[in-house]
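See structure below.
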Amino acid sequence: VRHFTLVPATGGSFTEGIVGAPQFLNPILARPLSPDRELTGLLFRGLLRLDDRLRAVPDLAESLTVSDDGQTYTAKLRPGLLWSNGEPLTADDVRYTYETAADAAYQSPYQSLFSNVAVAAHDASTVVFTLPAPFEPFRSTLTLGILPAKLWLDQSPQTFALAELNVKPVGSGAYKFQSITKDRNGNIKEYAFVRNTNAVGVAPR
């Protein structure tokens, strides 16, 4: 008796309509339950991701260790991580992302989650988070998508939400930005994403 398992073929295209207009393809600014949040999930990855059982499991991080007192989280990045533009993804990108999200001046909807968390890049692949007190749900906050620091460093709190990178992003997800179509009034009508061949450890679904 032969047993067969059907699996999706690689390639093809998929079109999906969403309710509402995208505004920020930026995980720091994308609000929960918004079109932005859905789209950034395709373009960006966090240190961890939620699996089918909503458990936080490694994604960009190869491993995550927690100190005995529950206040220090050490993430080790996967080797060979790249941004969709081919540049290396490092611990400095992680540090920048969390420090920016924690800064109230950038008006991230997640600011309160990180305002009391210290972040340090110990080397190119190691990030350490220090909490003021044990907080078990902190693992789930490590699913926040990471931004490429070198491309964002020149943005001030005043220009952050206006940057073109919010519309034409560079990420590390299974897909990457290809093109955008707007209507006569300048409203975003359509986004086109393609497979991100630089993505390590993830494939399009």
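The values are calculated or read from the model by the stated rules, or taken from the named source; none is laboratory data. Just so you know, these numbers come straight off a predicted model, no measurement behind them. Here the Cβ positions follow ideal geometry from the backbone for every residue, glycine too, while neighbour counts run over all protein chains shown. Calculation scope for accessible area: heavy atoms of the full protein, side chains included, ligands and nucleic acids excluded. Shrake-Rupley method; radii C 1.70, N 1.55, O 1.52, S 1.80 Å.
In this structure, is SER84 among the polar types (S, T, N, Q), closer than 17 Å to THR141 by Cβ and not in a strand (DSSP E or B)?
On the way: among the polar types (S, T, N, Q): yes; closer than 17 Å to THR141 by Cβ: no; not in a strand (DSSP E or B): yes.
No, not satisfied.
Does the stretch 169-178 hold any residues that are open to solvent by 50 Å² or more (accessible area, probe 1.4 Å) and out of contact with any Ser or Thr (no Cβ under 9 Å at 6 or more places or on another chain), and which are they? Break it down into steps so the answer makes sense when it comes.
The initial filter retains those residues of the stretch 169-178 that are open to solvent by 50 Å² or more (accessible area, probe 1.4 Å), namely 175-176, 178.
Within the stretch 169-178, GLN178 is the sole residue that qualifies.
Among the residues of the stretch 92-116 satisfying the criterion of being touching a residue at least 24 places away in the same chain (Cβ under 8 Å), surrounded by fewer than 21 Cβ atoms within 10 Å (Cβ to Cβ) and among the hydrophobic types (A, V, I, L, M, F, W, C), which is farthest from PRO137 (Cα to Cα)?
Step by step, filter the stretch 92-116, then rank; the result is ALA105.
With the condition being of a type in the set (S, T, N, Q) and closer than 16 Å to ASP36 by Cβ, I'd like the strands (runs of 3 or more DSSP E) fully within the stretch 116-205 carrying at least 1 qualifying residues.
Values: elements: 118-123, 126-130, 175-182, 188-195.
Because the criterion is at least 1 residues that are of a type in the set (S, T, N, Q) and closer than 16 Å to ASP36 by Cβ, no strands (runs of 3 or more DSSP E) in the stretch 116-205 meet it.
Given the structure, is GLU62 assigned to a helix (DSSP H, G or I) and open to solvent by 10 Å² or more (accessible area, probe 1.4 Å)? Give the derivation first.
Details: assigned to a helix (DSSP H, G or I): no; open to solvent by 10 Å² or more (accessible area, probe 1.4 Å): yes.
Criteria not met by GLU62.
Which residue is surrounded by the fewest Cβ atoms within 10 Å (Cβ to Cβ), if the candidates are limited to the stretch 118-128 and must be out of contact with any Ser or Thr (no Cβ under 7 Å at 6 or more places or on another chain) and of a type in the set (A, V, I, L, M, F, W, C)?
Checked the stretch 118-128; the qualifying residue surrounded by the fewest Cβ atoms within 10 Å (Cβ to Cβ) is ALA120.
Which of (1) assigned to a helix (DSSP H, G or I); (2) touching a Pro at 6+ places or on another chain (Cβ under 9 Å); (3) of a type in the set (Phe, Trp, Tyr) does TYR98 not meet, given it meets every other one?
Failing condition for TYR98: (2).
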